[in-house]
Each structure stands twice: as C-alpha cells, then as structure tokens.
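Asker: Structure in structure tokens, see below.
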Amino acid sequence: MNPTTGKRSNEELANAFNARYKGTYHVEVEWIMETEEEYRQNLKRLNVTDALPAVITDLRMLPSFYQMMIKEERLLNLAPFLFSDEEWMERIEPVVLDGCMESEEEIYLAPISTAAFSCSGMFWNQELFAQAGISEFPVTWSEFWDCCERLSARGITPLALHTEGTAWAPMLAATAELADTEDGAAFMKQFFPESYQNANGIQLAETLKRLFQYTTADAMHTDFDVAFTNFFSGKAAMIPNGYWMIEQIPEEQKEKIRFSAFPGNKLVSSTETFGWAVVSGYPKDVQKGAVEFLKFRTYFNQKEKQQLIESGKESDNPTTRDYIQTFLNNPQIVPNYQVKWNSILQEETLGDSLPELVKGKITTQEFLEKMDESILQFQKEQ
C-alpha cells in the first residue's frame, strides 16, 4: 500500500494499462497481503506446482532462483521483442538496460525506464555539519574521512550504522568506496564472486572497520531501524540509504536533512531488481499481452520519472531537491551487492562476523575466509 496515494502497489499501473488497451488486452491482478519475503518464498512453491502467474515481479531479488529459472527455460527471452522495438529501447536508460542483460542475446527481465527511484547515497544532517564547521558534503573519500574526524572532534557521532540484516547501511558506503577504483568497480559488477581473498576483499574489510570507528555504541548486533532512529534523533550526522527514505523524514526535520552522492559522485543501485519476467509456459497470445504490459510499464515509469524531476525541482523539501540534482549530475552507478553476492554471506556471515572484525576478535584475513566459506556453503545448498 502506498501511504501517499492510499492505493495498492502498482494499482495505478494496472488501471492505466487496462484503460489504454481496453478491448485488446486486460491484466488480471491478484492482490496479495504478504511481506516481500513471503512473496518470494511463494514464487518457489508456485514454480514447483506449475502455478506461476504470467508475469513475475521482483524475481531478481532471488538470484539463485532466477538463475535456475533461466537454466530450466522457465522464462521468456525478451531480447527479440526489445531489440526490434526502437520506441521501447529509447525509453530505457543505458544503465538500466545493462543491468537487465544476461548477454547480448538474452534478456529475461523487462527493464523499467529509469534508475531515478532506486538510488542510494548519503543522507546528512546540515545542522550537525554546521556545528563542526562543515558547509558541504565531501566530494572525495579523503575529504569524507576528514569530515568524520571533524565531526568527532566536536563530539558528534558521524555515522548511524548497524550489522544485522545484510548490514545494509555500512555495506552501501563500503561498496561505494570500493568502486572508487577501476578494479574495484569491475569487482562490484561480478555476479557471485568466486573469492573475497583478494585486494578488493581486503579493501572492503578495511573500509568496514574504518566506518565503524565513527558510529554509535549500539551499532553492533542491531538492525537498520536502530541506525534509522539514531540518525533522526540527532545522535549521528549521516546515514547511507536510498530515495525511499525521503518520505520517511519527520516533518520537523525536513529543513535540515540533506542528500548527496557518495564521494566520487557514486550512487548505489541495481535497477534489475525492478525488472519483471514473463513465464514461458503460457500460450503465445498470453505471452504477447504480457510483453505489451511490460513495455507499457517502461512507458509508465518514464512518465513517473518526468513527474518526479519536474515536481522535485520545485519542491519545498531540500532533500528531494538534493536527490533530483544528484541524480541528474551523471553519477557513477555502483551495483547493489544484495543482488550480486550469495544470500548466506549477506544474511548470516555479515551479521556474525562483521562485529568480530570491528572488535578485533578476528583479523581481516579471517573475515575474508569466512566470506569465502559462505560461498562453499551456498554452493552446497544449491
């Protein structure tokens, strides 16, 4: 449910498509009251019973299941439809299309139009920055660490972080910093890396340790909601997160919360997580209608982007204006580790081992070994 409009997710999209194609196509939607995790688990069950709907949403948030679906030819290859449709292709940002491509001849996730609604950067408290004599967000990582030192020197905790879940906030910052080099950026594009015991893994671990030197005492063994509360209660000056948090900013704080790209003009986003797929087992006429629906979704998303930019530039919310300006400033898009790395590493290893790394109970090498152990465990479970 969208708290702003009061409508169910994608209800406007479905209604707009049915109105546009009345008499030709009609999308039937089964509205479900499930959490995202419950929905994803149900996809696996529906696949076993051959009861999947014609269009699958959010499939890319289950990387191994998605790959299995491709291997078993359960998904329709959309590349021929996309590449033969110039109008459709023109509506898609290159970074979005690139994220959805398996190869030059294979696309199983219909791209949305834009990355505008999926980017993460750094939210920061302008008042706390001002207390430390800082007027602008740092543009290089060297300046960022200096900023942390200056905040600390004034008794201000620089960062709101956590370790549970997938260690979302610190991992956003650490992976953005990793992508500051050409080799690191290439590493972030790898799907299921074979090992973390390399220069990139070392840099990632060292950055994580350094980030936790500048956070709150309760950052260990806690979820993102603790980091969220620490930031909006004024206990920390910065928190990494995405566009969606703008709507969650308390009314009384809207004038002092700002948004910036990570140093080096980087935003973290994986637009393929918004790609929807067509199940191949349906009759050709259903497949054709499903493809037309996904094409319409790209068009609909492009209109949403235009509305966001037009309204955002005139918004009385400085965070919204910051976000629009940042997105339009040609940032480097860093892939989200959550759709690149194995689930055991994210959901278990980081929560268990990151606190040990930060507290000095294990070395960087031991931390990387545990990351590699997650790879072996994940492969066995597949």
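Asker: Going by average Cβ neighbours within 10 Å, how do the peptides 229-239, 247-257, 321-331 rank, with the highest at the top?
Answerer: Numbers: 229-239: 21.3, 247-257: 13.3, 321-331: 17.5.
The most tightly packed comes first, giving 229-239, 321-331, 247-257.
Asker: Given Cβ point charges of +1 (Lys, Arg) and -1 (Asp, Glu) and nothing else, what value in debye, to the nearest 20, does the dipole of the stretch 226-363 about its Cα centre take?
Answerer: Details: 16 positive and 16 negative charges, 71 e Å.
That gives a dipole near 340 debye.
Asker: Taking every pair of alpha-carbon atoms in the stretch 103-185, what share in percent sits in each 10 Å bin, from 0 to the bin with the longest distance?
Answerer: In whole percents, the pair-distance histogram is 13, 35, 32, 12, 6, 1.
Asker: Under the Karplus relation 6.51 cos²θ - 1.76 cosθ + 1.60, θ = phi - 60°, what is the ordered set of whole-Hz ³J(HN,Hα) values for the stretch 311-323, x standing for Gly and Pro?
Answerer: Coupling constants for the stretch 311-323: 6, x, 5, 9, 5, 8, 9, x, 5, 5, 4, 4, 4 Hz.
Asker: Moving on to the next point. Can you tell me the orientation of helix 36-48 relative to the chain, as the angle in degrees between its alpha-carbon axis and the longest Cα principal axis, to the nearest 10?
Answerer: So the inclination is approximately 40 degrees.
Asker: Okay, next question. Normalised radius of gyration for the stretch 1-117, please: alpha carbon Rg relative to 2.2 N^0.38 Å, two decimal places.
Answerer: That ratio works out to 1.16.
Asker: Okay, moving on. Relative to the longest principal axis of the C-alpha atoms of the chain, give the angle of the C-alpha long axis of helix 141-153, reported between 0 and 90° and rounded to the nearest 10°.
Answerer: 50 degrees
Asker: Using a cut-off of under 16 Å, list every residue of the stretch 127-166 whose amide N is near the label point 7 Å from the Cα of His221 along the Cα-to-beta-carbon line.
Answerer: 162-165
Asker: So what are the stretch 145-219's ellipsoid semi-axes, whole angstrom, largest first, if each one is the square root of 5 times an eigenvalue of the alpha-carbon gyration tensor?
Answerer: Numbers: eigenvalues 129, 39, 17 Å².
The equivalent ellipsoid of the stretch 145-219 has semi-axes of 25, 14, 9 Å.
Asker: If you take the Cα Rg of the stretch 87-139 and divide it by 2.2 N^0.38 Å, with N the number of residues, what do you get? Walk me through the intermediate numbers first.
Answerer: On the way: Rg = 18.5 Å, N = 53, 2.2 N^0.38 = 9.9 Å.
Ratio of Cα Rg to 2.2 N^0.38 Å: 1.86.
Asker: Once the dipole of the chain is set up with Lys and Arg at +1 and Asp and Glu at -1 on Cβ about the Cα centre, which of Ser152, Trp31, Gly201 lies farthest towards its positive end?
Answerer: Trp31
Asker: List the lysines whose Cα sits under 21 Å from the Cα of Lys380, skipping any in the same chain fewer than 8 residues away.
Answerer: Candidates past the 8-residue exclusion: Lys44, Lys71, Lys340, Lys370.
Asker: Checking the cross-link filter: which lysines have an alpha carbon closer than 21 Å to that of Lys313, excluding same-chain neighbours under 8 positions apart?
Answerer: Cα-Cα hits under 21 Å: Lys254, Lys256, Lys266, Lys303, Lys305.
Asker: What is the projected area of the convex hull of the Cα atoms of the chain, averaged over all directions, in nm²? Can you show the working numbers first?
Answerer: Numbers: hull surface 77.2 nm².
Mean projected area for the chain: 19.3 nm², to one decimal.
Asker: If I fit a long axis through the Cα atoms of helix 168-178 and take the longest principal axis of the Cα atoms of the chain, what angle between them do I get, 0 to 90°, rounded to 10?
Answerer: 80 degrees
Asker: With charges only on Cβ, +1 for K and R and -1 for D and E, what is the dipole size of the stretch 160-207 about its Cα centre, in debye, rounded to 20? Show your work: numbers first, answer last.
Answerer: On the way: 1 positive and 7 negative charges, 26 e Å.
Roughly 120 debye for the stretch 160-207.
Asker: Stokes-Einstein D for the stretch 177-312 at 4 °C, 1.567 mPa s, Kirkwood Rh over Cα pairs, in µm²/s? Could you put the intermediate results ahead of the total?
Answerer: Values: Rh = 19.2 Å.
Using the Kirkwood radius from Cα pairs, D works out to 67 µm²/s.
Asker: Tell me the Rg and the Dmax, in Å, that the Cα atoms of the stretch 41-174 produce.
Answerer: 21.6, 61
Asker: Further question: Any chance you could list P(r) for the stretch 252-382, counting all Cα-Cα pairs in 5 angstrom bins from zero, rounded to whole %?
Answerer: 2, 8, 10, 11, 13, 13, 12, 13, 10, 6, 2, 0, 0
Asker: What whole-number distance in Å separates the alpha-carbon centres of the stretch 98-160 and the stretch 183-248?
Answerer: The two parts, judged by their Cα centres, are 10 Å apart.
Asker: How far is it, in nm, from the label point at Lys44 to the one at Gln379 when both lie 7 Å from their Cα along the line to the Cβ?
Answerer: 2.0 nm
Asker: Next up: P(r) tail for the stretch 257-297, what percent of Cα pairs lie past 13 Å? If you can, show how the numbers build up before the last one.
Answerer: Working: 549 of 820 pairs.
Cα-Cα pairs in the stretch 257-297 separated by more than 13 Å: 67 percent.
Asker: Sticking with this one: Please list, in order along the stretch 186-197, the HN-Hα scalar couplings obtained from phi with the Karplus expression 6.51 cos²θ - 1.76 cosθ + 1.60 (θ = phi - 60°), rounded to whole Hz, x for Gly and Pro.
Answerer: 5, 5, 5, 8, 6, 9, 6, x, 7, 7, 10, 8
Asker: Assuming R0 = 30 Å, can you tell me the calculated FRET efficiency for the pair Asn18 and Ser233, based on Cβ-Cβ distance, to the nearest 0.05? Can you show the working numbers first?
Answerer: Working: r = 45 Å, r/R0 = 1.49.
The value I calculate is 0.10.
Quick note: the coordinates plus some simple rules give every number you see, no bench work behind them. Remember, predicted model here, so these are calculated numbers, not experimental data. Glycine gets a Cβ as well: all are built from the backbone with ideal geometry, and neighbour counts include every protein chain shown.
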